[in-house]
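Everything below concerns the one structure shown next.
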Amino acid sequence: MPSHDHDQDQGQLDSNPQTPEPRARPVGATEYSWCRSVPLGTGITVLALLLTKRPNIHLLQTILDKLQNSRPLLRSKLRFNSTTNTFSFITPTSPHVQIQRFDLSSTSDIISNNDRNIDPYHLILEHELNQNSWSAYLDQSSDAETNVFFVTLYTLSEKRWAVVLRLHTSTCDRAAAAGLLRELLVRFGGESLGGTQKEYENEVEVSLGIEDHVPNGKGNKPFWARGLDMLGYSLNSFRLSNLDFVDADSPRGSKVARLQMNPDDTQKLLDVSGFVFALLDLFASYRLLVMRVRSILHLI
């Protein structure tokens with residue numbers, strides 16, 4: 001004889017399934033370097049949008065939830081295990097990052113100690129750059145777990161608002177931030193991103209380590225190629241040494257600078273740079289000599 005009580009209990013169990021466990025993976029090599037740098041203040045990515053129309057909070061939160069769905073790392077938490085001295089991403093199955101809001105009074109309090117000649121929007125941007133939510137990782141004797149993505153809405157005036165996204169650079173560097181900003185603007189415009197959304201709906205693994213996206217063998221560079229890359233980086237820096245500013249007279253201020261060097265330390269840095277240039281020049285000459293010798297031997 002069937003037991004109706006058993007069937008009823010079974011139905012109750014089926015109607016309340018267990019919440020899926022968050023996914024976890026260790027950070028990759030590049031991500032690990034950022035995890036070590038960010039607690040010291042280097043590696044905080046900030047995107048800011050200046051709005052002249054009062055934002056719809058419900059719409060904005062919906063858009064952020066979609067971003068977290070299409071980019072699983074955005075809804076991840078960065079966990080530090082003090083026992084194993086390792087970092088890992090813990091990714092919940094559903095979006096959880098919420099918008100933090102500051103009204104006009106609270107925003108004014110934040111920027112009250114700064115130069116009033118500077119646009120409040122710029123002051124808020126620098127304020128966010130100086131907010132380090134991951135400084136707890138400096139204490140390696142205890143475990144820590146923090147979001148990698150924060151969203152804040154500031155009221156700058158009765159007609160201006162700033163939406164600021166602050167991210168741990170291990171999950172969103174400068175190049176990825178440009179793509180994230182484009183996706184955010186497209187979603188604000190009401191358009192769809194079929195490719196990204198389709199990838200999520202098909203449950204394709206999108207939160208791989210950076211190194212996992214590089215095909216085997218593509219990441220290996222010959223010694224000479226690395227030397228030429230270093231030379232190229234140095235030469236490219238000269239393009240930024242003489243920037244023309246449209247307005248160089250108006251007052252400016254910044255609290256973003258992290259490093260100041262005295263004349264002695266600066267001279268030491270220049271001496272080392274000069275040695276590196278000379279060494280690279282020597283390597284280039286040696287490589288040219290080897291190529292000529294090979295050409296002569298080939299002709300013989």
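A short reminder: the numbers here are calculations on the coordinates, not readings from a lab. Just so we're clear, the structure is a prediction, and the values are computed from it rather than from any experiment. Please note: Cβ atoms are built from the backbone with ideal geometry, for glycine as well, and neighbour counts cover all protein chains shown.
Sequence-distant contacts, meaning Cα pairs under 8 Å at least 6 residues apart, place the relative contact order of the stretch 49-101 at 31 percent. This ranking places Phe102, Phe149, Phe188 by how few other beta-carbon atoms lie within 10 Å of each, fewest first, which gives Phe188, Phe102, Phe149. For the stretch 56-192, a simple Cβ point-charge model (Lys and Arg +1, Asp and Glu -1, everything else neutral) yields a dipole of about 400 debye relative to the Cα centre. Cβ crowding within 10 Å, taken as a proxy for footprinting-reagent exposure, orders Asp249, Asp143 from fewest neighbours to most as Asp249, Asp143.
With an 8 Å Cα cut-off and a minimum separation of 6 or more residues, compute the relative contact order for the stretch 20-207 in percent.
About 35 percent, as a whole number.
Starting from the Cα gyration tensor of the stretch 103-164, take the square roots of the eigenvalues, sort them a ≥ b ≥ c, and report rounded, prolate or oblate (rounded when a/c is under 1.5, otherwise prolate if a/b is larger than b/c, else oblate). Since a/c reaches 1.5 and a/b is larger than b/c, the shape of the stretch 103-164 is classed as prolate. Shown in residue order for the stretch 103-120 are the 3J(HN,Hα) couplings computed by the Karplus curve 6.51 cos²θ - 1.76 cosθ + 1.60 at θ = phi - 60°: 6, 4, 5, 5, 5, 4, 5, 5, 9, 5, 8, 10, 5, 6, 7, 8, 4, x Hz (x for Gly and Pro).
Note on Arg54 and Thr42: the extension gain reaches 1.1 nm, defined as 0.36 nm multiplied by sequence separation minus the Cα-Cα distance.
Annotation note: trypsin sites (Lys or Arg not before Pro) in the stretch 46-118 located in DSSP loop regions with a Cβ neighbour count of at most 16 within 10 Å are Lys53, Arg116.
Would you mind pulling out the separation of the Cα centroids of the stretch 94-108 and the stretch 34-51, in Å? Measuring centre to centre over Cα atoms gives 18 Å. Rounded, prolate or oblate: which one fits the stretch 20-207, using the alpha carbon gyration tensor with axes a ≥ b ≥ c (rounded when a/c is under 1.5, else prolate when a/b beats b/c, else oblate)? Note, shape of the stretch 20-207 comes out oblate. Close amide H contacts of Val148 (hydrogens built in the peptide plane, cut-off under 5 Å, sequence separation of 5 or more or a different chain): Ser76, Leu78.
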